[in-house]
Amino acid sequence: MPEYRRILLDGAAVQVTVDGDELVAGDGRRVKTEEAQHLPPVVPSKVIAVHLNHRSRVDEFGIDLPATPTYFHKPTSSLNSHRGAIVRPEGCKWLNYEGEVAIVIGRTARNISPAEAGEFIAGYTVANDYGLHDFRDTDAGSMLRVKGSDTLCPLGPGLVTDWDFRGKRLRTYVNGEVAQDGSTDEMQWDMHYLVADIARTITLHPGDVLLSGTPANSRPVQPGDVVEVEVEGLGRLTNHIVTGPTAIRADVGAQPTESEEVLSTALGGDWEFRGVRPAPAMTPARAAAGPAGRVTVMTDSADAPTGRRPRKRLHYGEGREALLNAAVRVVARGGLRRLTYRAVAEEAGVTHGLVVHHFGSRDALIEAALAHTIRTSLSSSALEPGTGEIADFSTGLSEMVSADPGTQAFQYELLLESRRRPELLPQIRELYDEYFEASRRELGRMLPAGADEALARLVFAALDGLVLHQLVLGEPDVTDAALEQLRSLLRLRAAGDPGDLGHVHAEPSDRA
């Protein structure tokens, strides 16, 4: 497979080919590979990176991929080369490696299909998508300073053409020890898909670069560490970490932070236990060995920078559930239109990047929150799991509404919003189907002849109406009294003719 590199030769940028242990320029000049000063193998007009793509990375964070990829942009000023120094600015701690495959565009691409995308790719190179997570609290959405700071995008050593990306191994080494070990086969979206996806709305020019994602086990590195990314068939990209000559200015802009989100991202995985981490280690090998103790990191310590508003303490064991509860409260208090990543993050006392990581899209957040409220309501109302005894039917209903009115308000808010937004109807139907089936199952256990659909819907409508009445007007005693009357009717139904609902209503006076 042909490999092309760019080096600085006699003061000029020159493209060369690889010939054994030498690099050969077009005019015949030769230089030993080990002596050459490498440049990035291409000169892109833009560098675009996918957020998450490798399944091992997704599993590490305990989250779900969105339905389609999401991206961020790295400025070309972040470009670096094989053997280049990676600068960790003074005052920063959380610089992570991310070994990746870089796609290089060969022809102008706009509005092409995945099947056509291969014709527009010049080749591939190795990349290390370094992340300066000290700025994650402010740039989690754009990733601008996290991934776009100077020197954080090394590419190389060369551009390889005619390389088949399928089934290729990718490994990252820190000081000679394996830190990442993945494969291109674990990518959710392959190289052709990524190129076609971006090219729908963004014109890709020759030399443009797309970074295709990293496998699990991205971890922090320290000044003095040597980091190498090796991709089967593409070669090995080598860089070393240095401390920047100047500190981050303190008289302007956001400052580096060590919040629970910074550490959770830098040290990897276990979002449910974010903020409770192994003590940071100097190298991946030491991190793997780990100290015996654990440290708890909170964002509202006395050491927080002056002027920074302390955040609430999040119950870390709740993890995803805590975010769902926060979403429910936001909607219950202000309506569905107030539901944003930032509103949920503010309510939960975290940064909005964590909400993005967990749910990927607002629709996914709504769907997950709705499913969460259904589970909560069914359990607390004693509908499911029930006992099969009429005396126990919905005994927890009034207490459920009194204890957690926000959950019920959230559901009714979505119900009303679905009249204005028909795209919400599938979730609303799912909501009602869950409740209806739970009611029907319990009625079937209580009534000897079972419950047909009409009776189940009638009983569910009664329960739904009682919940709404109490939610708006209060009066839990009215709810309890009405439920007792409903149970009396069900007892008559159980003892009487199951096929004649009118007979059930006549039964009390006949027996009186």
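The values are calculated or read from the model by the stated rules, or taken from the named source; none is laboratory data. A quick note: this is a predicted structure, and the numbers were derived from the prediction, not measured. Positions of Cβ are backbone-derived with ideal geometry, glycine not excepted, and every protein chain shown enters the neighbour counts.
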* To do: Could you tell me which numbered condition E261 fails, if it satisfies all but one of (1) surrounded by 24 or more Cβ atoms within 10 Å (Cβ to Cβ); (2) of a type outside the set (S, T, Y); (3) farther than 20 Å from T70 by Cβ; (4) at pLDDT below 95?
  => (3)
* Does N111 qualify as being surrounded by fewer than 18 Cβ atoms within 10 Å (Cβ to Cβ), assigned by TED's automatic domain parsing to the domain that holds Y193 and not charged (D, E, K, R)? -> yes
* To do: Residues being closer than 22 Å to L489 by Cα, of a type in the set (S, T, Y) and at pLDDT below 80: count how many of those fall in segment 396-438.
  => 1
* Asked: Residue check, F72 against (1) within 26 Å of the chain's Cα centre (by Cα); (2) in a loop (DSSP other than H, G, I, E, B); (3) surrounded by 15 or more Cβ atoms within 10 Å (Cβ to Cβ), all met but one. Which one?
  -> (2)
* Structure fact -> A196 fails exactly one of (1) in a loop (DSSP other than H, G, I, E, B); (2) surrounded by fewer than 24 Cβ atoms within 10 Å (Cβ to Cβ), namely (1)
* For S259, work out the one condition from (1) more than 20 Å from the chain's Cα centre (by Cα); (2) among the hydroxyl-bearing types (S, T, Y); (3) outside the structural domain of V87 (by TED's automatic domain parsing) it doesn't fulfil. => (1)
* To do: Could you tell me whether any residue of segment 244-253 is of a type in the set (G, A, S), at pLDDT 95 or above and either surrounded by 17 or more Cβ atoms within 10 Å (Cβ to Cβ) or assigned to a loop (DSSP other than H, G, I, E, B) (or both)?
  => no
* Asked: If only one of D190, D181, D185 is free of Cβ contacts under 8 Å to residues at least 24 places away in the same chain and at negative phi, which one is it?
  -> D185
* Structure fact -> Cβ pairs under 9 Å, 6+ apart or interchain, first in segment 443-467 and under 17 Å from M400 (Cβ atoms), second assigned to a helix (DSSP H, G or I) and among the aromatic types (F, W, Y), ordered by first then second residue, are F460/Y432; F460/Y435; F460/F436; L463/Y435; D464/Y432; D464/Y435; V467/Y412
* Asked: Can you spot a residue in segment 432-450 that is in the same structural domain as I366 (by TED's automatic domain parsing), surrounded by fewer than 18 Cβ atoms within 10 Å (Cβ to Cβ), in a helix (DSSP H, G or I) and of a type in the set (A, V, I, L, M)?
  -> no
* **Residues (surrounded by 11 or more Cβ atoms within 10 Å (Cβ to Cβ), of a type outside the set (K, R) and assigned to a strand (DSSP E or B)) located in segment 1-18** => E3, Y4, I7, L8, L9, A13, V14, Q15, V16, T17, V18
* Output yes when any residue across segment 404-427 is of a type in the set (A, V, I, L, M, F, W, C) and more than 20 Å from L471 (Cα to Cα), and no when none is. => yes
* Asked: Just wondering, is there one or more residues in segment 98-109 that are closer than 27 Å to I7 by Cα, among the charged types (D, E, K, R) and in a strand (DSSP E or B)?
  -> yes
* To do: Could you tell me which of the residues V160, V146 is farther than 14 Å from D208 by Cα and in contact with a His (Cβ under 9 Å, 6 or more places away or on another chain)?
  => V146
* If G465 satisfies every condition in (1) farther than 20 Å from T373 by Cα; (2) surrounded by fewer than 16 Cβ atoms within 10 Å (Cβ to Cβ) but one, which is the exception? -> (1)
* Say whether the condition of being of a type in the set (S, T, Y), over 30 Å from V24 (Cα atoms) and assigned by TED's automatic domain parsing to the domain that holds S56 is met by at least one residue in segment 160-182. => no
